[in-house]
Amino acid sequence: MQPILPILHDFPLQSLNTFGIAARARHYLRVTDGAQLAAACADPALAALPRLVLGGGSNLLFTRDFDGLVLHMALAGRAIVGQLDGATLVRAQAGENWHGFVQWTLAQGLGGLENLSLIPGTVGAAPIQNIGAYGAEIKDVFHSLTAFDMASGELRTLGAAECRFGYRDSLFKHPEGARLVVLDVTFALPRDWQPNVRYAELAQALIEAGIGAPTPRQVSDAVVAIRQRKLPDPAVIGNAGSFFKNPVVSGEQCERLLAAFPDLVHHRQPDGSEKLAAGWLIDRCGWKGRSMGAAGVYPKQALVLVNNGGARGEDVVQLARAIQADVAQRYGVQLEPEPVFI
Ligand SMILES: Cc1cc2nc3c(=O)[nH]c(=O)nc-3n(C[C@H](O)[C@H](O)[C@H](O)COP(=O)(O)OP(=O)(O)OC[C@H]3O[C@@H](n4cnc5c(N)ncnc54)[C@H](O)[C@@H]3O)c2cc1C
């Protein structure tokens, strides 16, 4: 028997997105069980609606009300599910809070996710843009995920290769993966854990704390401290973290830019391309701390756009466009937004 779906109407979304943008959903379903998704897709009236899968709303920008069905992922649960090739397999349901899950793995004595501490949002959204920070990405310890296919109504298990993870990218951000809803994610956390302190600021913080051979917990604590120092807390000031991806340019383009701007911040990639620091480009265009209406650039980090209070999604879009135009004009580099515009 299909479950009765507790669908709400004209539902406010302001508290469900970290930018704190006022927007409403025509229909809203808090999904606590995968069977509800199957029921929603089997209902012809609901299946005909535009759908938005919502996690913690920390990588979204609402530019209007959503005239369709919001599926708010609230599936809960996490467990150790097995051992495989020197790794412990841990699985969490899509609605689990990401940072809470990372802390839980550490409490189990398992390292591997500590560099990704304090990233807002849910476990189910983590694979969507292959979340990354401090020299790590989830693809490094990803094992598999279960997804519900909203077109066929089938459950699918996808391994890392099928997820096609890239820099802030995966299958799910492309048309062929857009109908997949992540229900749970499994990680393979190495029993023979080694700290990943390639990121200079993290290594420096551990040295300054006098920690030579850190535990996973100590790495997590250091990451949390750095993030709290540098990034605005969405509970206090609305934002979606980094607003632009770091642009990747060819080696030749980077050389040309370096000739004109010798202090350009760039990181060589294994394929010879160069990743530029978007925050540096924005800062050098003079945007740090500036505002346009109620939307602004965070004074401590030019890559973060903020809602100074009462901003509409359109205000943030206007600000982002102005920044993109300046960076394109000065450096010939096109910045691409990281959050999804709704
Ligand atoms: C202060 C701050 C710091 C941040 N720092 C980082 C960082 O260091 N690194 C980083 O990578 N990101 C960072 N982010 C961005 C954000 O936290 C991540 O992208 C996070 O994974 C988004 O999770 P969410 O649950 O909030 O997703 P949402 O914003 O709700 O959704 C994001 C996208 O994923 C889709 N989606 C959500 N859940 C599912 C699901 N179960 N199945 C299918 N699709 C789904 C949505 O439809 C949408 O397209 C930061 C954000 C903030 C506010």
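Points to keep in mind about this one:
- Search result, residues across segment 41-54 that are touching a strand residue (DSSP E or B) at 6+ places or on another chain (Cβ under 7 Å), open to solvent by 20 Å² or more (accessible area, probe 1.4 Å) and either free of Cβ contacts under 8 Å to residues at least 24 places away in the same chain or near the ligand (Cβ under 10 Å from one of its atoms) (or both): Leu49, Pro50, Arg51, Val53
- Residues located in segment 106-125, provided they are open to solvent by 50 Å² or more (accessible area, probe 1.4 Å) and either away from the ligand (no atom under 11 Å from the Cβ) or polar (S, T, N, Q) (or both): Ala107, Gln108, Gly109
- Among the candidates Ala222, Ala200, residue that is crowded, with 19+ Cβ neighbours inside 10 Å, on the phi < 0 side of the Ramachandran plot and not aromatic (Phe, Trp, Tyr): Ala222
- Cβ pairs under 8 Å, 6+ apart, first in segment 20-34 and within 15 Å of Ile4 (Cβ to Cβ), second aromatic (Phe, Trp, Tyr): His27/Phe11
- The residues of segment 129-142 that are near the ligand (Cβ under 6 Å from one of its atoms), free of Cβ contacts under 8 Å to residues at least 60 places away in the same chain and either under 24 Å from Gly34 (Cβ atoms) or not assigned by the TED database to the domain that holds Cys163 (or both) amount to a single one, Ile131.
- The residues on offer are Leu37, Leu75, and the sole one that is within 13 Å of the ligand (Cβ to nearest atom), under 19 Å from the mean Cα position of the chain (by Cα), surrounded by 14 or more Cβ atoms within 10 Å (Cβ to Cβ) and not hydroxyl-bearing (Ser, Thr, Tyr) is Leu75.
- Residue in segment 291-302 that is aromatic (Phe, Trp, Tyr) and without any contact (Cβ under 8 Å) to a residue 40 or more places away in the chain present: no
- When residues of segment 89-105 are limited to those that are outside any strand (DSSP E or B) and polar (S, T, N, Q), the one least open to solvent (accessible area, probe 1.4 Å): Thr105
- Listed here are the strands (runs of 3 or more DSSP E) enclosed by segment 251-312 that have at least 3 residues being at pLDDT 95 or above, surrounded by 18 or more Cβ atoms within 10 Å (Cβ to Cβ) and in contact with a helix residue (DSSP H, G or I) (Cβ under 9 Å, 6 or more places away or on another chain): 295-297, 304-307.
- Residues of segment 206-240 that turn out to be part of a helix (DSSP H, G or I) and away from the ligand (no atom under 16 Å from the Cβ), as a count: 7
- Residue tally, condition among the acidic types (Asp, Glu) and in a loop (DSSP other than H, G, I, E, B), over segment 1-60: 2
Quick grid of which residues meet (1) within 13 Å of the ligand (Cβ to nearest atom); (2) closer than 25 Å to Ala188 by Cα:
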| residue | (1), (2) |
| --- | --- |
| Thr63 | no, no |
| Val70 | yes, no |
| Arg91 | no, yes |
| Trp104 | no, yes |
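- Pick from segment 78-88, criterion assigned to a strand (DSSP E or B) and surrounded by fewer than 17 Cβ atoms within 10 Å (Cβ to Cβ), ranking: farthest from the ligand (Cβ to nearest atom): Gln83
- Arg168 vs. criteria of a type outside the set (Val, Ile, Thr), open to solvent by 70 Å² or more (accessible area, probe 1.4 Å) and out of contact with any strand residue (DSSP E or B) (no Cβ under 6 Å at 6 or more places or on another chain): no
The values are calculated or read from the model by the stated rules, or taken from the named source; none is laboratory data. Quantities reported herein were computed from a predicted structural model and do not represent experimental measurements. Every residue, glycine among them, receives a Cβ derived from its backbone with ideal geometry; neighbour counts consider all protein chains shown. Just the protein is used for accessible areas: all its heavy atoms, side chains included, with ligands, DNA and RNA removed. Shrake-Rupley method; radii C 1.70, N 1.55, O 1.52, S 1.80 Å.
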